[in-house]
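Comments concern the structure below.
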Amino acid sequence: MTRRVASVNGGTPFKDVAEVLVNHEVSAAPVVDGEGHVIGMVSEADLLRKEQFRERYHREGYRPPLRTRLRERVGRKGAPAERRARGDTARDLMTRPAITVKPHADVVTAARLMSEHGIKRLPVVDDDGVLEGIVSRHDLLTVFARTDDAIAREVRDDVVEGPLWARPPAVRVSVSDGVVTLSGRVARTTDARIAVGMTGRVNGVVDVVDELECEDAHGGGTCDEGA
C-alpha cells in the first residue's frame with residue numbers, strides 16, 4: 001500500500017477536492033473526519049456529475065439511462081446522483097460507505113473487493129477505521145513483478161520445505177516468467193494436490209505446471225493415475 005494518501009475532509013469545497021485529485025494524479029480520495037476515520041470516498045465520477053447534470057438548454061430535464069439508475073440503486077449508499085451533482089463539499093459528493101481493507105489483508109482479498117465493487121482504489125484502515133494508507137490496482141499488479149528467483153525461494157521455503165510435511169518431499173522447483181514447474185516424487189496423490197494448490201497461492205505465481213510422480217499411482221507414474 002501507499003502510506004502517503006491524498007485525502008480530504010467532509011467540509012472540503014468542491015473546487016479544492018478537484019484540485020487534490022488533479023494535483024496528486026489520483027482518480028479518488030478518501031474522505032475522513034476529524035479523527036482520521038474514513039467516512040466515504042470521492043472520485044472523479046462523483047465530481048463529473050456536476051457536468052453530467054448541467055442543463056445545456058432551457059428545461060432540458062436530463063435523466064440518466066436506466067442502466068445507470070439501476071446501478072446507482074443497487075450500489076452503495078449515498079444521496080441520489082442528481083442531488084449529489086448539486087453538492088458543494090466532499091460530504092455532499094462522496095459515495096458511502098467507503099469500501100476499505102485492513103493492513104493484514106492479502107492481495108486476493110483486495111483484488112476481489114475491487115472487482116466486486118468496480119473500484120480502483122481501496123483505503124487501508126486499522127481496526128478503528130482510521131486511515132493508514134491506500135492500495136490501488138497498480139499496487140496489486142506489482143506482485144507479478146516479483147523475480148523468478150524470489151518466487152522459487154518462497155515455494156521451496158514455505159511449500160516444499162514448510163511445516164506441512166513431517167518429511168519434506170523430494171520435489172524440485174523451477175520458475176520461468178512466473179510459471180512454476182514442480183517435478184520429482186511424492187508419496188501420495190493428495191500430497192501432490194496440496195503442493196500444487198499451495199504453490200498457486202504464492203504471490204507472483206502466474207501458473208503451476210504439475211510434473212510430479214506419486215508412489216501410490218499405478219506403476220509409480222504420474223499423480224493423476226493414482227487410485
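Per-residue 3J(HN,Hα) values for the range 185-191, derived from phi via the Karplus relation 6.51 cos²θ - 1.76 cosθ + 1.60 with θ = phi - 60°, read 9, 10, 6, 10, 4, 5, 4 Hz in sequence order (x marks Gly and Pro). Taking amide H positions as placed in the peptide plane 1.01 Å from N, state which residues far from G40 in sequence (5 or more) or on other chains have amide H under 5 Å from it. Those lying under 5 Å, H to H, from G40 are V31, A98. So the label point goes 7 Å from the Cα of R188 along Cα→C-beta, right? Which residues of the range 155-176 then have their backbone N under 16 Å from it? Output list for this probe position: 164-170. Using the Cβ of E161 as centre and a radius below 13 Å, the other residues enclosed give a net charge of +1, where K and R count +1 and D and E count -1.
Would you mind calculating the gained length between R156 and A6 on full extension (0.36 nm times residue separation, minus the Cα-Cα distance), in nm to one decimal?
This chain segment gains 50.1 nm when fully extended.
Once the chain from A105 to T147 is taken as fully extended at 0.36 nm per residue, the excess over their C-alpha distance is 12.9 nm. Of the residues G162, G178, V208, the one whose Cα sits farthest toward the positive end of the charge dipole of the range 146-225, with +1 on the Cβ of Lys and Arg and -1 on the Cβ of Asp and Glu, is G162.
Here, each number is a calculation from the coordinates, and none is a lab measurement. Everything quoted here is computed from the prediction, not taken from an experiment. Note that each Cβ is placed from the backbone with ideal geometry, even for glycine, and that neighbours are counted across all protein chains shown.
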